[in-house]
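The values are calculated or read from the model by the stated rules, or taken from the named source; none is laboratory data. Note that the structure is a prediction, hence the values are computed from the model and not measured. Because the Cβ atoms are built from the backbone with ideal geometry, glycine has one as well, and the counts that use them run over all protein chains shown.
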Amino acid sequence: MATSVEPSTNVIRTAPTFFANSLLAAALGVTCARVFEQFVVAIAAAINGRAPVLMHSATLLTESGSDLVLLAAPAASLALGLILLMMYPGSKDRSAGRLVMLWTMLFAFRNACVALATTPVDESSPIALALERWNVPSGVDLVLAVFGILGLVLIAIGAAPAFLSFSRHRSEVSTASERLRFAGSIALIPGLAGPLLAVPLFLPDAGTGFVSTLPLAGAFIIVTVLAAAATKSFSPPQIIEERGLVVGLIIAYALAFLVLRLGLEPGLPIPPWDENLQLTLRP
């Protein structure tokens, strides 16, 4: 249940280990959002006969055909964000898993909103190609861009109480300056540095350009931090809770590195078998 937080004289500070948790969770979140998006693109391309190869940073289409299958990317991101929003625990659970879910949801929504927002300026984007193919009246791209920008701002604002609920104690977020400090430490810095931590998972980029987008991937969290100062209704713990480094996040990051760099970097045909049900894995 949401609680209106009042100032307290005994301020509890968040341990650096919890900052590290959020940093790792942000790296995993941007990775999960990207891999899910590209996996759905690969499925859509396979259905449309484009012979896709799922790689660690993008999906390679080896057969000619309609590029409208790339619309699956923003659609998948939006769907993932909505699914996680509905699944997001309504309890007072403040586990590392919930933190990863929050970051994945935010980056999924961010991917969908950016795809909409860049439609008027990127003629090669899947949405722009679809509008051209369907002879949509001019101006629709601008409307979609406005929706994308507004959507991203609203998502960033809505994330403020979610992050504040991860505080160790209500006194840690009792004033506007404390909420600004707390959101800056577990949201803004991890939001900017987490995608950079994910860069090694997606190298080499193979010319996809995805890695070059990561440095600014979490810039929208600036709005979250600003909104946190004015946010007073959320669910902080009533007793002091410890926030130690979660080893499981380190293990998850290491596993993601192995799966992406060793498993998907060579390329995984989708489906990974031919019409005779023989495996067609790339060397």
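May I ask you to list the residues in the stretch 147-176 that are assigned to a helix (DSSP H, G or I) and at pLDDT below 90? Residues satisfying the conditions are LEU164, ARG170, SER171, GLU172, VAL173, ALA176. Considering the stretch 1-18, and only residues there that are surrounded by 14 or more Cβ atoms within 10 Å (Cβ to Cβ) and of a type in the set (Ser, Thr, Tyr), the residue that is modelled with the highest pLDDT turns out to be THR14.
Taken as a whole, the stretch 14-37 holds no residue that is hydrophobic (A, V, I, L, M, F, W, C) and without any contact (Cβ under 8 Å) to a residue 40 or more places away in the chain.
The single residue among SER64, SER57 that is surrounded by fewer than 18 Cβ atoms within 10 Å (Cβ to Cβ) and more than 14 Å from PRO269 (Cβ to Cβ) turns out to be SER64. Can you find a residue in the stretch 132-142 that is small (Gly, Ala, Ser), surrounded by fewer than 18 Cβ atoms within 10 Å (Cβ to Cβ) and either at pLDDT below 95 or closer than 22 Å to MET86 by Cβ (or both)? Yes, some residue in the stretch 132-142 is small (Gly, Ala, Ser), surrounded by fewer than 18 Cβ atoms within 10 Å (Cβ to Cβ) and either at pLDDT below 95 or closer than 22 Å to MET86 by Cβ (or both).
For the stretch 36-66, the tally of residues that are within 23 Å of LEU106 (Cβ to Cβ) and hydrophobic (A, V, I, L, M, F, W, C) stands at 5.
Going through (1) surrounded by fewer than 18 Cβ atoms within 10 Å (Cβ to Cβ); (2) in contact with a Ser or Thr (Cβ under 8 Å, 6 or more places away or on another chain); (3) farther than 21 Å from GLY267 by Cα one by one, LEU85 falls short only on (2). Within the stretch 19-31, is there a residue that is modelled with pLDDT under 90 and either farther than 26 Å from ILE251 by Cβ or touching a Lys or Arg at 6+ places or on another chain (Cβ under 6 Å) (or both)? There is no residue in the stretch 19-31 that is modelled with pLDDT under 90 and either farther than 26 Å from ILE251 by Cβ or touching a Lys or Arg at 6+ places or on another chain (Cβ under 6 Å) (or both).
Of all residues in the stretch 21-38, none satisfies the criterion of being touching a strand residue (DSSP E or B) at 6+ places or on another chain (Cβ under 8 Å) and under 17 Å from LEU84 (Cα atoms). Scanning the stretch 190-213 for residues that are surrounded by fewer than 18 Cβ atoms within 10 Å (Cβ to Cβ) and either assigned to a helix (DSSP H, G or I) or touching a Gly at 6+ places or on another chain (Cβ under 9 Å) (or both) returns ALA193, LEU196, VAL199, PRO200, PHE210, SER212, THR213.
Scanning the stretch 230-260 for residues being under 23 Å from the mean Cα position of the chain (by Cα), at pLDDT 75 or above and farther than 17 Å from ARG34 by Cβ gives a total of 9.
Candidates ALA45, ALA75: the one that is among the small types (Gly, Ala, Ser), modelled with pLDDT of 90 or more and either within 20 Å of THR119 (Cα to Cα) or within 20 Å of the chain's Cα centre (by Cα) (or both) is ALA75. Within the stretch 42-83, which residues are under 19 Å from ARG133 (Cα atoms) and part of a helix (DSSP H, G or I)? ALA44, ALA45, ASP67, LEU68, VAL69, LEU70, LEU71, ALA72, ALA73, PRO74, ALA75, listed by residue number. Against the test of being at pLDDT 80 or above, among the small types (Gly, Ala, Ser) and not in a helix (DSSP H, G or I), the options GLY218, GLY263 yield a single qualifying residue, GLY218.
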